[in-house]
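Here is the structure we will look at, set down as structure tokens.
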Amino acid sequence: MKSHISIRDVNAFYNGHQALKNITVEIPQKKITAIIGPSGCGKSTLLKCFNRLIDLTDGASVSGKIIVDGIDILNGSIDVTDVRRKMGLLPQKPNPLPMSIYDNIAYGPRLHGKPDKKELDRIVEKYLKIAGLWDEVKDRLKSPASKLSIGQQQRLCLARGLAVEPEIILCDEPTSALDPVSSQHIEQGLLKLKNDYTIVIVTHNIHQAMRLADYVIHLYLGELVEHGPANDVFENPKEERTRAYINGTILSDLKIDKEVDLKGNICPYNFVLAKQALHELSKGKVLKLVVDDPLAVTEVPRGMEADGNEVLSVKQINKTDWEIVIQKTE
Ligand SMILES: Nc1ncnc2c1ncn2[C@@H]1O[C@H](COP(=O)(O)OP(=O)(O)OP(=O)(O)O)[C@@H](O)[C@H]1O
Ligand SMILES: [Mg+2]
């Protein structure tokens, strides 16, 4: 794995509150790295260090090194414009410039050079195609970008970011404001782009991280808990906190189709009642059971699995009660 961004001992503070604590990690080149972790753990802060947007926050300070192409971009004497040009940012909510679709894409290239009309036409078409928007807008390039749907605006922002030819694409929750179909467009775009770019994506959506990421960084309260190839982290996390975060997030996204309280029952009945409850559900549906018989905590999941169903979680919820979540797969 070739590293593209080397983060060494990075600490970040907002007016004395420490948002990142001694972060040291490598971001691989031409791969998708997902930064995951609960709200407030420092994901956006880390991303903002990469493009030095953190400089624009009052009271923020950063120490340590972030080496990109051999240069420490946190070094005060380097040109911040160069850093930002290397790092295309795809924001959470699309922010098209108040101009035409065409001019949104042409804006950066015009700023950085003096391409002629023909060259600009070529650039606009190229990046709109890469972002998967060309076919939808090719007949109205001169109309205002603000008239596009939100999902189209986000693809426009992706195209605009790419048009200045960054090496690295930073995405902070790039699909959280989008509907599922638009999200899928963006995800497909990012997957295509990873052959040519290093991509870092912050996401709350663990399923999205699983679909996209080659590499995962898990932050918790400003600390690096775990990092590694996505398969290892998702399937076999080294840290209990990572396991808990992944399972917890998956389950909080999960729709429970039926909930049955089996408290007060003892084991063989628990099993029979659980089986009955599951029987009434169709395939793929999810059942949550609450039990307080210690034997049921092991026997019910075992029986359910023997019947070919999938036990998604078994969790103690208070001193006496346990929650068992089962998906009917038979
Ligand atoms: N401008 C700021 N001033 C003061 N504190 C801030 C500022 N921005 C962020 N913080 C604090 O720094 C910590 C990390 O914030 P950050 O935005 O990086 O978290 P995050 O992981 O991106 O969270 P979320 O998932 O909610 O976007 C939090 O405790 C947050 O309250
Ligand atoms: Mg954030």
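The values are calculated or read from the model by the stated rules, or taken from the named source; none is laboratory data. Keep in mind it's a predicted model, so treat the numbers as computed, not measured. In this analysis, Cβ positions are derived from the backbone assuming ideal geometry, glycine residues included, and neighbour counts consider all displayed protein chains.
List of remarks:
- For the range 227-243, the set of residues classified as in a strand (DSSP E or B) and either within 15 Å of ligand 1 (Cβ to nearest atom) or surrounded by fewer than 21 Cβ atoms within 10 Å (Cβ to Cβ) (or both) consists of GLY228, PRO229, listed by residue number.
- Test for ARG155: is it at pLDDT 90 or above, farther than 20 Å from LYS86 by Cβ, assigned to a helix (DSSP H, G or I) and among the basic types (Lys, Arg): yes
Every residue, every condition in (1) of a type outside the set (S, T, N, Q); (2) over 20 Å from the mean Cα position of the chain (by Cα); (3) in the same structural domain as ALA213 (by TED's automatic domain parsing), yes or no:
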{"residue": "HIS227", "(1), (2), (3)": "yes, no, yes"}
{"residue": "GLY248", "(1), (2), (3)": "yes, no, no"}
{"residue": "GLN276", "(1), (2), (3)": "no, yes, no"}
{"residue": "LYS283", "(1), (2), (3)": "yes, yes, no"}
{"residue": "ASP292", "(1), (2), (3)": "yes, yes, no"}
{"residue": "ALA306", "(1), (2), (3)": "yes, yes, no"}
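- Some residue of the range 173-189 being part of a loop (DSSP other than H, G, I, E, B), at positive phi and surrounded by 16 or more Cβ atoms within 10 Å (Cβ to Cβ): yes
- Count - residues of the range 206-235 that are free of Cβ contacts under 8 Å to residues at least 40 places away in the same chain and either in contact with a Lys or Arg (Cβ under 9 Å, 6 or more places away or on another chain) or of a type in the set (Val, Ile, Thr) (or both): 4
- Check on TYR220, at negative phi and more than 16 Å from ligand 1 (Cβ to nearest atom): no
- Just one of (1) within 16 Å of ligand 2 (Cβ to nearest atom); (2) buried (at least 16 other Cβ atoms within 10 Å of the Cβ) fails for ILE27. It is (1).
- Subset of the range 30-64 (residues that are within 11 Å of ligand 2 (Cβ to nearest atom), of a type in the set (S, T, N, Q) and either part of a loop (DSSP other than H, G, I, E, B) or not assigned by TED's automatic domain parsing to the domain that holds PHE13 (or both)): SER39
- Filter result for ILE67 (without any contact (Cβ under 8 Å) to a residue 24 or more places away in the chain and of a type in the set (A, V, I, L, M, F, W, C)): no
- Inclusion of LEU278 among residues that are free of Cβ contacts under 8 Å to residues at least 24 places away in the same chain, hydrophobic (A, V, I, L, M, F, W, C), farther than 15 Å from LYS315 by Cα and not in a loop (DSSP other than H, G, I, E, B) is not warranted.
- Selection status of GLY37, in contact with a His (Cβ under 6 Å, 6 or more places away or on another chain) and either within 11 Å of ligand 1 (Cβ to nearest atom) or within 25 Å of PRO237 (Cβ to Cβ) (or both): yes
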